[in-house]
Amino acid sequence: MTPPLSMPGLWQGFAAVLRRDLLLAWKRPGDVLNPLVFFAIVSTLFPLAIGPDAEQLRVIGPGVVWVAALLATMLSLNSLFSNDFEDGSLEQMLLSPQPLPLLVLAKSTAHWLLSGLPLVLAAPVIGMSFNLPVSTQMAMPVTLLLGTISLSLIGSVGAALTVGLHRGNALLSLLILPLAMPVLIFGARSSALSAAGDSIAAGAYFLGAYCMLSLTLAPFATAAALRISNE
Amino acid sequence: MWTFFHKLASPPHFYSLAGRMTPWFAISGTLLIVYGTISGLFLAPADYQQGDAFRIIYVHVPAAYLSMMGYSIMAISAGIGLIWRMKLAHAVAAGVAPLGAWFTFLALVTGSIWGRPMWGTWWEWGDPRLTSELILLFLYFGYMALRASIDDVSKADRASAVLALVGAVNVPIIHFSVEWWSSLHQGPTLIRAEGPAIDGPMLYPLLAMIFGFTLFFGALLLMRVKSEVLFRERRSKWARRLLSDGAH
Amino acid sequence: MDLLSMGKYGFYVWTSFALTGFVLTACVVQAKRRHRKVLHDIARQHQIMESE
């Protein structure tokens, strides 16, 4: 492959990284399925640990689904940059003339499409097993949609800071979980409130605002972190 | 003005200046804390609602205030270090983190001890301020863990600075979300629209404790930053000369 | 004696103040120990360089 003489546009750079990550995931479907299976298993643990009382499960249901989604996202974040770090393509990204935050945003988009979106789609099924009322069933995908986008973005900062470190996996969770608290609080609480007939608007607005904030700031922080951890 | 900052940022100058300032901070801080403790424990009258248990706030409030102050100092100096590539600022951030974690721990435990007779439980999840403090402790732990896992000092400085800044953006959001999440607590005691709620013989020990703790924190910070500066400069001539002169 | 019992809250008040004393002391000890360690490291490095 000869290097192109003219510099590809911004959109091409974004699309190339996105397509590459999706293609890699297509070749190794296990990487996509693992977090999803993890999500399902963790959600199953709670009824087994707590007991089959339907009323109790209905109360804890939204919280359990949210915690499971958060942990599943953490699980998949570790490989966000580490595979690219090992095969050297991360270095290529750092050297490319494209703005790094844009490429990072493409990586985050791919990560969300592969780990966040499946969780959003699977949540109603898990919700049914917890006997959640219809209003909550409807609320969960909305809060999870906005929440998982934020989690992918904040998580990318942690993944960038820990790339190439020994025992980076546990460290990543230690760094990111406290930062993810607001998303968890608003996502889980407003989903739970919807069971009582309350509107999820307050929670959804907050999650939307948080999503916008992380969309504007996280790619830059991640790019800075990648440059620091790759010298 | 600028020459003052340049001189301050020069490691040997800072090192000797910090060494000379530490005793003043430590002595004045200790005196204020001793005064605050004696008058807070024995001279201040008991609160008409909380009885003698309110005396715990004499240690809880300064610790809680410094735990947040510590994070602000950490984030601001991390930002300065990242933008202007100033080693001293990174040394401040590195030195303040363990102190902030200790004071957060202190605020958490004293808050919990205060809560036991007041709420009848050691831990009240409904209290937004204690919950925020707990998350703040986790943030400090994450920061220190990241620092500890990177061997190269300069890399650790900058990586943890990015984390501190991301955390600083999040701290107000965390606080707000925890407030929203629940509200079961007495409101802020010291600063209220209609003036301080506690006054006279109850207020003075608290002010003495806040200033005393701050000065003591300052002394500890100077000691820690001194070590951090020396560690970063361990290969320099002045560090070796310092050692051979026997003046530490 | 009345002073020590702090109404019925003696245990809580004294535990809090004792813990505070402990934490402040621990901070001082930790900071001093860290400084000694740095000095020690530099001294050892110095020795290695001289012996070479």
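The values are calculated or read from the model by the stated rules, or taken from the named source; none is laboratory data. Because the structure is predicted, anything quoted here is derived from the model rather than measured. Quick reminder, even Gly has a Cβ in these numbers, built from the backbone with ideal geometry, and neighbours come from all protein chains shown.
Key figures
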quantity: Residue within segment A:179-187 that is at pLDDT below 90, in contact with a Leu (Cβ under 9 Å, 6 or more places away or on another chain), surrounded by 22 or more Cβ atoms within 10 Å (Cβ to Cβ) and part of a helix (DSSP H, G or I) present; calculated: yes
quantity: Of the criteria (1) within 12 Å of another protein chain (Cβ to nearest Cβ); (2) of a type outside the set (Asp, Glu); (3) farther than 14 Å from B:MET202 by Cβ, which one B:PHE42 fails; calculated: (3)
quantity: Hits in segment A:190-231 (condition: closer than 29 Å to A:LEU132 by Cβ and aromatic (Phe, Trp, Tyr)); calculated: A:TYR205, A:PHE206, A:TYR210
quantity: Lone unmet requirement of (1) hydroxyl-bearing (Ser, Thr, Tyr); (2) in contact with a Ser or Thr (Cβ under 6 Å, 6 or more places away or on another chain); (3) surrounded by fewer than 23 Cβ atoms within 10 Å (Cβ to Cβ) for B:SER67; calculated: (3)
quantity: Test: C:SER5 is at pLDDT below 95, among the hydroxyl-bearing types (Ser, Thr, Tyr) and surrounded by 12 or more Cβ atoms within 10 Å (Cβ to Cβ); calculated: yes
quantity: Residue check, B:THR110 in contact (Cβ under 8 Å) with a residue 40 or more places away in the chain, within 14 Å of chain A (Cβ to nearest Cβ) and of a type in the set (Ser, Thr, Tyr); calculated: no
quantity: Only listed residue being in a helix (DSSP H, G or I), more than 22 Å from B:TRP102 (Cβ to Cβ), facing chain C (nearest Cβ under 9 Å) and touching a residue at least 12 places away in the same chain (Cβ under 8 Å), chosen from B:LEU230, B:LEU242, B:LEU220; calculated: B:LEU242
quantity: Selection count, segment A:181-219, where residues are more than 10 Å from chain B (Cβ to nearest Cβ) and among the aromatic types (Phe, Trp, Tyr); calculated: 1
quantity: Residue in segment B:138-149 that is closer than 27 Å to B:ARG224 by Cβ, facing chain C (nearest Cβ under 10 Å) and in contact with a Leu (Cβ under 9 Å, 6 or more places away or on another chain) present; calculated: no
quantity: Residues within segment A:38-52 that are aliphatic (A, V, I, L, M) and closer than 15 Å to A:GLY127 by Cα, tallied; calculated: 4
quantity: Matching residues, segment A:140-178, being among the hydrophobic types (A, V, I, L, M, F, W, C), facing another protein chain (nearest Cβ under 10 Å) and either in a helix (DSSP H, G or I) or over 15 Å from B:LEU146 (Cβ atoms) (or both); calculated: A:ILE154, A:VAL157, A:ALA160, A:LEU161, A:ALA170, A:LEU171, A:LEU172, A:LEU174, A:LEU175, A:ILE176, A:LEU177
quantity: Some residue of segment B:60-74 being over 25 Å from A:ILE176 (Cβ atoms), polar (S, T, N, Q) and modelled with pLDDT of 90 or more; calculated: no
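A quick yes/no check of all residues on (1) part of a helix (DSSP H, G or I); (2) over 16 Å from the mean Cα position of the chain (by Cα); (3) surrounded by fewer than 20 Cβ atoms within 10 Å (Cβ to Cβ):
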position	(1), (2), (3)
A:TRP66	yes, no, no
A:THR73	yes, no, no
A:LEU90	yes, yes, no
A:PRO101	yes, yes, yes
A:ALA106	yes, no, no
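Here is a yes/no grid of residues against (1) in contact with a helix residue (DSSP H, G or I) (Cβ under 7 Å, 6 or more places away or on another chain); (2) of a type in the set (Val, Ile, Thr):
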{"site": "B:ILE38", "(1), (2)": "no, yes"}
{"site": "B:LEU43", "(1), (2)": "yes, no"}
{"site": "B:GLY51", "(1), (2)": "no, no"}
{"site": "B:SER77", "(1), (2)": "yes, no"}
{"site": "B:ARG85", "(1), (2)": "no, no"}
{"site": "B:ALA94", "(1), (2)": "yes, no"}
{"site": "B:ALA101", "(1), (2)": "yes, no"}
{"site": "B:PRO128", "(1), (2)": "yes, no"}
{"site": "B:SER132", "(1), (2)": "yes, no"}
